[in-house]
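Asker: Take a look at the following structure, please.
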Amino acid sequence: MWNFFHKKNEVIVPELKDYTHRLLWVKVIFIFVFIGAAVRLVQIQILDASKYQDIAKKQYEVRVPLHAQRGNIYDRNGNLLVSNSQFVSFSANPKFSGQYARKIAERFSKITGKPIKEYLEKLQSSKRYVVLEKAMRPDEAEKIPVDSLVGVVKSNEPVRLYHYNERLGQVLGTINAEYVGVSGIEQQFDKELRGVDGYVVLQKDGKNRARPSTDYPREDPVNGNSLELTIDLTYQSIAEEELKRGIQRTQAEAGLVVILQPQTGEILALANYPPVNLNEIKSVDLLRNRVVSDMYEPGSVFKIVTASAALQNNVTTLDKKFYAENGSYKVQLAGNKMRTISDTHPMKDITFMEAMAYSSNIVMAKVSNLIGPENLYNEARNFGFGMTTGIELPAEINGQLKKPVEWSGTTLNTIAYGYEVGVTPLQIAAAYAAIANDGMLMKPYIVKREIDPLGNEVFVHEPTKIRRVTSRETAQQVKTMLESVVEFGTGGVVKLPTVTIAGKTGTSRKYVDGKYESGSYNASFVGFFPAEKPELVCLVMTEKPKVGYTGAVASAPIFKAITERIINNNGLIAKTVTTPLQETTNKEDKSIEVVPDICGRTVNDAVRILQQHGFQTKIYGKGDEVMRQYPAAESIVERGTYINIMMDEETPLLAGMQKVPDVHGMSVRRASNNLAANHLGVTIIGSGVVVNQFPGSGTAVKVGARVTIMCEPKALTAAQLY
Amino acid sequence: MASRKNHIDRMILIVVLFLLVSSIVVVYSASSSWALNNPHIRSAAGLVNKHIVKVLIGFVVMFFAINIDYRKYKPLTLWVLLGAVVLLIVTRIAGSEAKGAVRWISTGGVNLQPSEVAKFALIFHLATLLSSKGTKLQDFKKGFVPLLFWVGLVVVLVMIQPNFSTGAIICVLGMLMIFIGGARLKHVLLSLSALLPALVVYMISAPYRMKRILSYIGFANDDSGIAAKDNYQLLQGIIGFGNGGIFGVGMGMSKQRDLFLPESYGDFIFSIVGEEYGIIGTVLFLLIFLLILSRGLRIAKYAPDDFGKFLAIGITTTIVLYALANTLVTLGLVPTTGVPMPFVSYGGTAIISSCYAIGVLLNISSQTDLHPRISEQPAVVSVEQEPAVGRVY
């Protein structure tokens, strides 16, 4: 075949033959190229097809999340504590709003009451983006006439609303920017509150717009469940107010109150000081719930364990006399060391009951020797020390209760009056509740019910018995001892004419960095009432009180004030609380719906279709066919929303009119700059990338008209460009 | 020797009609979204309607051409080619800009693409020259150079429009015809190798061409310019093919046409064919063009005279070369360049001129015995002897 290369100047090969050869050649080459193309087609359309199909799917389909609404939190009486709302933010591009700065500043100042200057400074800065107002309440935001303020951008954002600011702050906890609970109840019940996000798969075209289609896979969101706490908002408020007052009086560093019901273990109030305003958290540290997360040496309040162990093991009776060593008792330790135990109230011969009433460490130490390490340890374990109570709050600690084998020579004696043992305030409160409940330890709990969005009970917390700590008789005897504390002992300050109170004072030196800090105490008072038939247990603790450091002086008056208010039922909540804001509700009739595509339909058709889907309609322009609609087809809006219908006969562009540019796919900032540059205002819904705009691009509007852009986070749309 | 009055090649007619009819379906699917979103059209059928008009004109032109004896063209080819050359020059000076290139000339509402006209004018004239040169073609000066002159002239004029792809294809076509016509391979290769430096200069002279080539080779990462745009289009085209898989997503179900794939109804329509009809559709299309190649060259082989022979070769190779080039571009096997798929792509004059060319080919076939039973001797017919008129079956 290649021989014609060598046919130099030879004469006349028959032309036909030559043609035939060469024609064949051309044909063969063509066929080879065709085969090459076919091979490539096989590669793309068969071998790698699934890869390209994946890419294609990614760029056609957009999963738009339908966010579940986080559940509400109520108190035991149905008071709404936490719900959801929207805040409105205003920002501006000084470049565009510059010349109207004064007008804008005046407007804002009028609504917010802040000085005009503050806004002017922002508006006259050289930045391209300034935030004028953040997290404004919707009712206030409505007063700002965004439409007439050039360059001002409005945007809505969902917000978790804590109706009572700092009430119950450490208990409720908070959520992070992703709406995930990170402390308190919000964290502990995040899964229940969060619900399940749904989604709609929308078909998109190459310009990132929703494409008309008849069906779209959809998964409706399941809203989160609501929680009803055992907390009583009235008691909580009393506790917080009195704690605050007490702490101001004693100049303590911190404090806490726990109120619980002994028969059930329900927590009725749980207060921490300093408080944390959940709507404006200044320091994460404030969120720490000392009641379950901090460990204290309890001091004298722990003496009920000693008393209970002694009585249970029959080593003493209430009337048995002990010599109180006149306030100073030297104990011989191993290796000839001596240790002195001292009492605040020096006494000689006193009964065991008086030892409790006057809080004698010496007698308790002596009794502990009779009880023995194992028995005392077991009693402390029975009361629940050294292990979590199991309350539904995050970051609960065990405390510290060493086993007898780990005890030093002094431990037996010191535990007897509440040292060398680490407890949480909740453990103490639960232990006193066990005494108040005739020796039965109940598991403390704070969530009463879980309710699904339709109002069905998902879960009801029933009181849980943990164990019998001590016999009914022993509990009764300990109760009598605690009554004596108030009746004639160290707790006399809480005595009330109307009710018998049983309780115990406690003052322990603060153990800081491995040693006892001088002049630094935890002062506590824990008690219950009415002593005959206890209804409430209340623990008050103050840390480092400066004006009177003992439990009797620092904490007992707080206990008394709380008790008084509860008993007199003057427990009206002082209305220092924020007015609840507009809530976003999840009522049935407000359910969301996907807007049908009505482009190209007649007016009557369009209106009928929209009504069938539960929408209202507004018609613009004249003509037979619907040319545009807003919100666009496939948008997800609430039922009952007005759907704007634009007819095909558009009005011609008049003077002072302006065509709306296409801002699809732009970032919010770029889109608003673009619109502003076209002398148009902008309202932003959502954040991220513009997925929809109204009026649509090309629509003629008045100069300065407002264009609403709907945005979705970028993460969503990143998928589109594969 | 009297020419046999044969039927026209029905196979070619049938497949071309098939391509034209399917082009209406495919163009409608591929163009609807673009048309709907075009502010000047705003109707899904806006583009396909124009396409249908072109197809109908194509039909008419084709049936006219079938009934005109191809020999009548022979004395006219020189004048038509000269006219086309003038047209090219006029366009260069006073044409309307399309995509940065002066490729169109507007005359009272009809957009004429002079390169399209020039291409066929050149083929016709080459057929005339080749059929009258005979063995002189072996001679470089007397035979080869005059042919090369016309090819060179047209190619240069088309390229400076600038329309590189059409120029290149015309160049390949011309050289192919000269080669098949009997020119010595040495001359062909020589003149092609002389073109190479010119080609390089041409490439470098326009930055966008350079970028296209570089991005094809993989050396340029130009995100904002032509290369990125090309790559995007090519990628979307290939996604279209891949998304179709074996059986395709179904008629009218393309999603790539929803503003993902630019030119989805034009140069990249093959990708939409692949998406909607899968590899079954694409291979069928390739087979159809292979069939046209095979039948067309068969017509050439048995054509009653040399003019008919070379005309048949020119027409067949033009159409098949375009189909191949388009396929290779959409499959990313050669750099992206604007080449339509004959009979299928939405497009103005290309459809009409291709229909006309096929009509001429069919006329040749009607005067050709495609199944000579007696001998393989070529039928040498002089033009004057019997100016036969082709019959419509």
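None of the figures in this text is laboratory data; all of them are computed from the coordinates on show. Remember, predicted model here, so these are calculated numbers, not experimental data. Ideal geometry is used to build each Cβ from the backbone, glycine not excepted, and the neighbour counts take in all protein chains shown.
Asker: For segment A:97-200, give the magnitude of the charge dipole about the Cα centre (Cβ charges: +1 Lys/Arg, -1 Asp/Glu; no others), in debye to the nearest 20. Don't skip to the end; give the middle numbers.
Answerer: Details: 17 positive and 15 negative charges, 125 e Å.
With only Lys, Arg, Asp and Glu charged at Cβ, the dipole is about 600 debye.
Asker: In segment A:231-324, if the dipole is taken from +1 on Lys/Arg beta carbons and -1 on Asp/Glu beta carbons about the Cα centre, which of A:VAL315, A:VAL284, A:PRO274 is farthest to the positive end?
Answerer: So the residue furthest toward the plus end is A:VAL315.
Asker: Over chain A, what is the mean sequence separation of C-alpha contacts under 8 Å (at least six apart), divided by residue count, expressed as relative contact order in percent?
Answerer: 14 percent
Asker: Extending each Cα 7 Å along its Cβ direction at A:LYS51 and A:GLU535, get the distance between those two points in nm, one decimal.
Answerer: 7.6 nm
Asker: Right, something else. Compute the separation of the alpha-carbon centres of segment A:358-401 and segment A:674-702 and state it in Å as a whole number.
Answerer: Between the Cα centres of segment A:358-401 and segment A:674-702 lies a distance of 68 Å.
Asker: Other chains near B:233-242: what is the mean number of their Cβ atoms within 10 Å of each residue's Cβ?
Answerer: On the way: counts 0, 0, 3, 5, 1, 6, 10, 4, 8, 14.
For this peptide, the per-residue mean of nearby foreign Cβ atoms is 5.
Asker: Still on this structure, please answer the following. Suppose the chain between A:GLN476 and A:ASP147 were pulled fully straight at 0.36 nm per residue; how much longer would it get relative to their current alpha carbon spacing? Could the numbers behind the result be given before it?
Answerer: Details: separation 329, 0.36 × 329 = 118.44 nm, distance 7.28 nm.
Length difference between fully extended and current span is 111.2 nm.
Asker: Give me the Debye-computed log₁₀ of I(q)/I(0) at q = 0.12 Å⁻¹ for segment B:10-371, equal point scatterers on Cα only, no solvent, two decimals.
Answerer: Cα-only, vacuum Debye calculation for segment B:10-371: -0.92.
Asker: Using 0.36 nm per residue, how much length does the chain from A:GLU140 to A:GLU457 gain when fully extended, once their Cα-Cα distance is taken away?
Answerer: Contour length minus the Cα-Cα distance gives 110.5 nm.
Asker: While we're on this one: What is the distance, in nm, between label points placed 7 Å from the Cα along the Cα-to-Cβ direction at B:LEU192 and at A:ASN568?
Answerer: The answer from the label model is 11.1 nm.
Asker: Would you mind checking A:LYS320/A:LYS533; A:LYS402/A:LYS546; A:LYS303/A:LYS402 for any pair whose Cα atoms are more than 28 angstrom apart?
Answerer: Too far apart for the 28 Å limit: A:LYS402/A:LYS546.
Asker: Now for a different question. When the Cα centres of segment A:268-342 and segment A:68-143 are compared, how far apart do they sit, in Å?
Answerer: After rounding, the separation between the Cα centres reads 50 Å.
Asker: Please give the Cα centre distance for segment A:145-179 versus segment A:446-463, rounded to the nearest Å.
Answerer: So the separation of the two Cα centres works out to 27 Å.
Asker: Go through segment A:371-376 residue by residue and turn each phi into a ³J(HN,Hα) via Karplus (6.51, -1.76, 1.60, θ = phi - 60°); whole Hz please, and just put x for glycine and proline.
Answerer: 6, x, x, 4, 5, 5
Asker: Let me ask something else about it. Given labels modelled 7 Å from the Cα in the Cβ direction, how far is it in nm from A:ASN378 to A:ILE35?
Answerer: Placing both labels 7 Å along Cα→Cβ, they lie 9.4 nm apart.
Asker: Here's a follow-up. Check the straight Cα-Cα distances from A:LYS495 and name the aspartates and glutamates below 16 Å, setting aside those fewer than 8 residues away within the same chain.
Answerer: Straight-line reach from A:LYS495, under 16 Å: A:GLU483, A:GLU487, A:GLU532, A:GLU564.
Asker: Note down the net charge around A:VAL130, summing +1 for each Lys or Arg and -1 for each Asp or Glu among other residues with Cβ under 13 Å from its Cβ. Before the final figure, lay out the partial values.
Answerer: Numbers: positive: A:LYS95, A:LYS122, A:LYS127, A:ARG128, A:LYS134, A:ARG669; negative: A:GLU118, A:GLU121, A:GLU133.
Counting the neighbours of A:VAL130, the net charge comes to +3.
Asker: While we're on this one: Considering every residue in B:177-187, what mean count of other chain Cβ atoms within 10 Å of its Cβ is obtained? All intermediate terms of the calculation are to be shown ahead of the outcome.
Answerer: Numbers: counts 1, 0, 3, 8, 4, 6, 1, 5, 5, 3, 0.
Per residue, the number of nearby Cβ atoms from other chains is 3 on average.
Asker: What do you get for Rg/Rh over segment B:232-365 if you use C-alpha atoms and the Kirkwood form of Rh?
Answerer: Working: Rg = 16.0 Å, Rh = 15.4 Å.
Rg/Rh: 1.04.
Asker: Which FRET efficiency, nearest 0.05, do A:GLN616 and A:LYS282 yield, Cβ-Cβ r, R0 51 Å?
Answerer: Efficiency computed from Cβ-Cβ geometry: 0.70.
Asker: Here's another thing I want to ask about it. Can you give the relative contact order of segment B:10-371 as a percent, counting alpha carbon pairs under 8 Å and 6+ residues apart?
Answerer: 25 percent
Asker: Can you work out the FRET efficiency for the pair B:MET253 and A:ARG639, with r the C-beta to C-beta distance and R0 = 25 Å, to the nearest 0.05?
Answerer: 0.20
Asker: At a Förster distance of 22 Å, what's the computed FRET efficiency of B:ARG10 paired with B:ILE68, Cβ-Cβ distance as r, to 0.05?
Answerer: Plugging the Cβ-Cβ distance into 1/(1 + (r/R0)^6) gives 0.75.
Asker: Taking a point 7 angstrom from the Cα of A:ARG218 along the C-beta vector, which residues in segment A:38-74 have backbone N less than 14 Å away?
Answerer: It comes to A:64-67, nothing else.
Asker: P(r) tail for the protein assembly as shown, what percent of Cα pairs lie past 38 Å?
Answerer: Distances greater than 38 Å cover 66 percent of the Cα pairs.
Asker: Tell me which residues come under 5 Å, amide H to amide H, from A:THR344 once H is placed; ignore anything under 5 positions away on its chain.
Answerer: Those qualifying (amide H under 5 Å, at least 5 residues apart or on another chain) are A:ASN361.
Asker: Also, I was wondering about something else. Report the one residue of A:GLN43, A:SER342, B:GLY83 whose Cα lies farthest in the direction of the positive end of the charge dipole of the protein assembly as shown (charges on C-beta: Lys and Arg +1, Asp and Glu -1; origin at the Cα centre).
Answerer: Of the listed residues, the answer is B:GLY83.
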